[in-house]
1. In this structure, is Thr68 of a type in the set (Ser, Thr, Tyr) and open to solvent by 40 Å² or more (accessible area, probe 1.4 Å)?
2. Take the residues in region 106-120 that are among the hydroxyl-bearing types (Ser, Thr, Tyr) and more than 18 Å from Leu144 (Cα to Cα); name whichever of them is most open to solvent (accessible area, probe 1.4 Å).
3. For region 45-65, give me each residue that is touching a residue at least 24 places away in the same chain (Cβ under 8 Å) and surrounded by fewer than 16 Cβ atoms within 10 Å (Cβ to Cβ).
4. I need a count of the residues in region 143-167 that are open to solvent by less than 40 Å² (accessible area, probe 1.4 Å) and under 20 Å from Ile32 (Cβ atoms).
5. Conditions: (1) crowded, with 19+ Cβ neighbours inside 10 Å; (2) under 23 Å from Lys151 (Cα atoms). Thr103 meets all but one. Number of the miss?
6. Which condition from (1) touching a Cys at 6+ places or on another chain (Cβ under 6 Å); (2) within 18 Å of Leu4 (Cα to Cα); (3) hydroxyl-bearing (Ser, Thr, Tyr) is the one that Ser149 breaks?
7. Could you check region 90-115 and list, in sequence order, the residues that are more than 11 Å from the chain's Cα centre (by Cα) and within 13 Å of Val134 (Cβ to Cβ)?
8. Does Ala139 qualify as being buried (at least 22 other Cβ atoms within 10 Å of the Cβ) and farther than 22 Å from Tyr12 by Cα?
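The values are calculated or read from the model by the stated rules, or taken from the named source; none is laboratory data. In this text, all values refer to a predicted model and were calculated from it rather than measured experimentally. Here the Cβ is made from the backbone with ideal geometry for all residues, glycine too, and neighbour counts use every protein chain on show. We work out accessible area using only protein heavy atoms, side chains counted, and drop any ligands, DNA or RNA first. Shrake-Rupley method; radii C 1.70, N 1.55, O 1.52, S 1.80 Å.
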Amino acid sequence: EEILMTREDTGYMIGAKRSGNTKYTADLVKTITIMDTKTVPADAEASWDVSFDSGDKQVIAWVKPNATEPNKYDLYIGADQTIILPTIAGELFKGYTNCVSMTGINTMDMSRVEYAVGMFANSDSLVNLNLTNVNLENAKELQLMFYSSEKLELVILTGIDTTSAENMSGMFDGCTSL
């Protein structure tokens, strides 16, 4: 199983602090892309393990300088099989304040997630997010999921399953462009 770790510190890119790559803070990310490979390309500036079990290298993250803003990065998260999110996925993509695009988020298996509080909170530059067919059937806590994502204009929720949700309060609070 390819299980992506939860964020240990929202100030950094996923897994960066744990791996000692403290240069890579979340505010430097321009795009996030989920990949179906963990093969790191030769032009990547850095890479690190983001697997739930540190060191098993089932899920890898890497960064490349963004083509239009070289002081920002494109973050890639890849595995050779479907990435499965853990039961606690709260704040997983929180605080990527300059990220304008999150591609492939809906390809991850979220069926085990029970806690998704603030998962995409403070994604200040994100305009669109595709969550088509995301399976959140076991998610109980979804409050503040998109909190204060001010530029968010469209969240595609077609086919999303939230049948077990117990708390969805404030899910879109502060999303002033929706």
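1. Values: of a type in the set (Ser, Thr, Tyr): yes; open to solvent by 40 Å² or more (accessible area, probe 1.4 Å): yes.
Yes, satisfied.
2. Going residue by residue through region 106-120, those that are among the hydroxyl-bearing types (Ser, Thr, Tyr) are 107, 111, 115.
Next, from what is left, pick out any that are more than 18 Å from Leu144 (Cα to Cα): 107, 111.
Values: Thr107: 84, Ser111: 27 Å².
Checked region 106-120; the qualifying residue most open to solvent (accessible area, probe 1.4 Å) is Thr107.
3. If we filter region 45-65 for residues that are touching a residue at least 24 places away in the same chain (Cβ under 8 Å), which is where we start, we get 45-46, 48-54, 58-59, 61, 63.
The answer is Glu45, Asp53, Ser54.
4. So the answer is 6.
5. Condition not satisfied by Thr103: (1).
6. All conditions pass for Ser149, except number (2).
7. Of region 90-115, the ones more than 11 Å from the chain's Cα centre (by Cα) are 97-98, 100, 107, 109-115.
Thr107, Asp109, Met110, Ser111, Arg112, Val113 - these are the residues of region 90-115 that are more than 11 Å from the chain's Cα centre (by Cα) and within 13 Å of Val134 (Cβ to Cβ).
8. In short, yes.
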